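Before any comments, here is the structure.
Laboratory data are not the source of any read-out in this text; all were calculated from the coordinates shown. The shown structure was predicted, so the numbers you read here are calculated from the model rather than taken from an experiment. We place every Cβ from the backbone using ideal geometry, glycine too, and count neighbours over all the protein chains shown.
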Amino acid sequence: MHRAGQRLPRRQVWENQSRKNNMSEKFRKIVRSPEEAAKKLRKKIGATRPAEYVRARADGDKLNAGAVAGIAALGTAKWSAWLAAGGTQFMLWLARVAALDNAILRHMEKTGAVKDVKLNKDGTENKLSKFRKKNPNFVAHLKWYFALSILAGAGAATMKYGPDIVQTVQEQRAEREAAEARRGTYAAYLDKMQSITPFLIADLIAKEGIHVDSNGMHIPYQDSRGVWTIGFGSTMLKDKTPVTSKTKPITNDEAYELARWHLEAGETYFIMYCYDTAVPDVDISTTERALGTGSIVYNSYSKLIENPKARNTRERFAALRADFDEFGYATPDSLILKRFAQYPVLEKDETSFGRQWLHGGTTDVLGDKLGGFLAGGRGVQWRRWLEAGLFTGEITPNMLLDCPVNGMYEFYKCMDADKEAFFIGVDSENRRVNHDTYAKFYKWLENPVTKSGLSLARWKKISDYLPPDIVELCRGGKCELGNREIARHVPTLDTEIGNTDNIAVKTYVLEYDELYADAISSYKAGDFVTAAAKYRNMLSLYPNNALLHNDLAATYNKLGMYDDAIAQVREIVHRIGDKGQYAAAYYNAGFAYEQQGNLQKALANYKLALANGNRRVQRDITRVRENMNKAVSRGKRMAFGGARAKLQNKSRGDLLVYGIEHKGNMA
């Protein structure tokens, strides 16, 4: 019993409010009425007796065929109608619970009904609070519909942007995992060096000039040493075919890609990586040092650093090249350190420049020491002077971009081809860079002219021969050492035939476009037998083409000829040594081993594919690891079962727990 002055319980307040205002109950009855009607209809349909109805109207006790058919038809109609009514009832119930009457709505309704009306500062009742208390059902539905609209909006946004977000997260995860796989390898070093590749190619153009026909196609030419060259200083094609006078002309994009490939998959960056990793005082950590060193190594390998005929130098680099051919971009730092420990750099083998460079000499001293290497082809003085300027920073990357093509040779002639204009001194050990000439070069760049005074303003600049998007990045300061943005613009070779970057592929198929397109067409059509035959025919003509070996390996995988696929990969890795194809090669080997059930070797090869730049292989690594873990679990269960059987049989044999060694061999 309620006493005067005692506060009513919240439940009783709600019940009193409901009796005072029956809106909630009336509302529920209204929203339930369609559902109740469907329920009653379903029950009525279920209560009908089609067989009795037919029998009551049949002649006699026996039913003829027509009566039986009528019973069947009415029975089908009855249960179809019953199911329809039941489905309608369920949909009405679902709609009511979702939008009109559910536990959450009732809770909000009760909460609103029992809340006291708030007062304003002047003591009067707050109108909004009063309205909420008077109409708890209406307010609860407003809140509910607002929440539903938010959920619907969130759902629509998820449907629209969810896949993109998921893809971004997956790409970021793959990027992190790829970076982890590449850590402590040449690939990580290459990631740092790729940003200066455009400037080194600009340096090549400054030194070599441009040799194109009337159609703008790059044609073979002989460099200052009489070696046949094409594009931006490339003396060899990707299939290791030397450039000759008969080499097919290439486009400007192909010339750029070929030069990039030589820098990154060839030995330029790899030699820099070896010294930078193994020699404590070598520190290629600035853009200037990287450009200066890269310019020297591209043209002279390690000849300016160590005596190339010295035994330690020869044997060390022979071992390093073998390691590089085996592992490609996945070559580990530890292996480099091991080779340098086996064949150390000896003081007696160091050149005058190498002695300074290997032991942390200043950039000014390094520039001066380049003066000791002026023997060679025409214009070697200004070439070394250009390299010295890159070391000291007096030749900036953007100056190379703004230099007219073939302009450096014109500037050399403006200096009267005078050696003293670039290096001062006769004694090779004591020559020094003529820094005054850099100031003259700056002034000449403002208004470049020939020796006779003819303006070069209409000549194309070096930047005109680089990809526009790359030039834009370089102008914006994105080509500084270590900037990874440039990597997004590097052509890649995918793991699947037909998905390869056009420019990257073109540099492999310079002389047989039609044959290659024909083989690709057969592969894409699913005629793998014919495709394999076409690839084998092309390899008989071009046995050192790593791209063809990779495509044939992928085709063999499609045919289930896994041993043959692995043999093709071994050709690439153990004989040809084209690092640009290792990512696809190790993937093909990993796939073949996986299909054969050799998960250890599959995982090892997939990891090498990842470290060599194939980031899409991460899902394959995850799958193989999961399968290996399942195999381990199965092995342990089998071992436990076998051990129990041995104990039951009182066997004295050792208990063996079967496991899997997660290391593996490469292709």
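Test of understanding: express the Cα radius of gyration of the range 508-645 as a ratio to 2.2 N^0.38 Å, with N the residue count.
So the range 508-645 has a normalised radius of gyration of 1.24.
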Tell me which residues come under 5 Å, amide H to amide H, from T229 once H is placed; ignore anything under 5 positions away on its chain. Y221, Q222, D223
Show the residues, 5+ positions off or on another chain, whose built amide H is closer than 5 Å to the amide H of V449. L456
How long is the range 224-339 along each principal axis, judged by its Cα atoms, biggest number first, in Å? 44, 30, 29
In whole Hz, with x marking every Gly and Pro, tabulate ³J(HN,Hα) for the range 338-355 from phi via Karplus 6.51 cos²θ - 1.76 cosθ + 1.60, θ = phi - 60°. 5, 5, 5, 6, 5, 10, x, 6, 9, 4, 5, 8, 6, 7, 5, 6, x, 4
Sites H435 and S285 - FRET efficiency at Förster radius 25 Å, r taken between beta-carbons, to 0.05: 0.55
What are the radius of gyration and Dmax of the range 370-421, computed over its Cα atoms and given in Å? 11.1, 29
Ranked packing of 256-266, 471-481, most packed first, by mean Cβ within 10 Å: 256-266, 471-481
Check cross-link reach from K133 to the lysines: straight Cα distance under 17 Å, and skip same-chain residues fewer than eight apart. K20, K110, K115, K118, K143
Taking the alpha-carbon distance from K246 and a cut-off under 12 Å, which aspartates and glutamates remain once sequence neighbours fewer than 8 residues away in the same chain are dropped? E511
Output ordering of 584-595, 535-546, 243-254, 67-78 (per-residue mean of other Cβ within 10 Å, highest first) is 584-595, 535-546, 243-254, 67-78
Cα→Cβ-extended label distance, 7 Å offset, between E514 and A310, nm: 5.4 nm
Starting at the first residue of the range 593-605, write each ³J(HN,Hα) from the Karplus equation 6.51 cos²θ - 1.76 cosθ + 1.60 with θ = phi - 60°, in whole Hz, x for Gly and Pro. 5, 4, 5, 7, x, 8, 5, 4, 5, 4, 5, 4, 6
Between V405 and residues 5 or more places away or on another chain, the pairs with built amide H atoms under 5 Å apart involve K460, K461, I462
Percent of alpha carbon pairs in the range 315-392 separated by more than 20 Å? 51 percent
Using packing as a proxy for protection, rank 605-614, 277-286, 384-393 so that the peptide with the highest average count of other Cβ atoms within 10 Å comes first. 605-614, 384-393, 277-286
Report the label-to-label distance for R619 and A73 in nanometres (one decimal), using points 7 Å from each Cα along the Cα→Cβ vector. 5.5 nm
How big is the shadow of the Cα convex hull of the range 186-481, averaged over all directions, in nm²? 15.2 nm²
Set of lysines near K192 by C-alpha distance (under 17 Å), chain-local residues within fewer than 8 positions excluded: K478
Taking a 31 Å limit on the Cα-Cα distance, which of the listed pairs K29/K78; K534/K601; K558/K601; K348/K419; K238/K443 fall beyond it? K238/K443
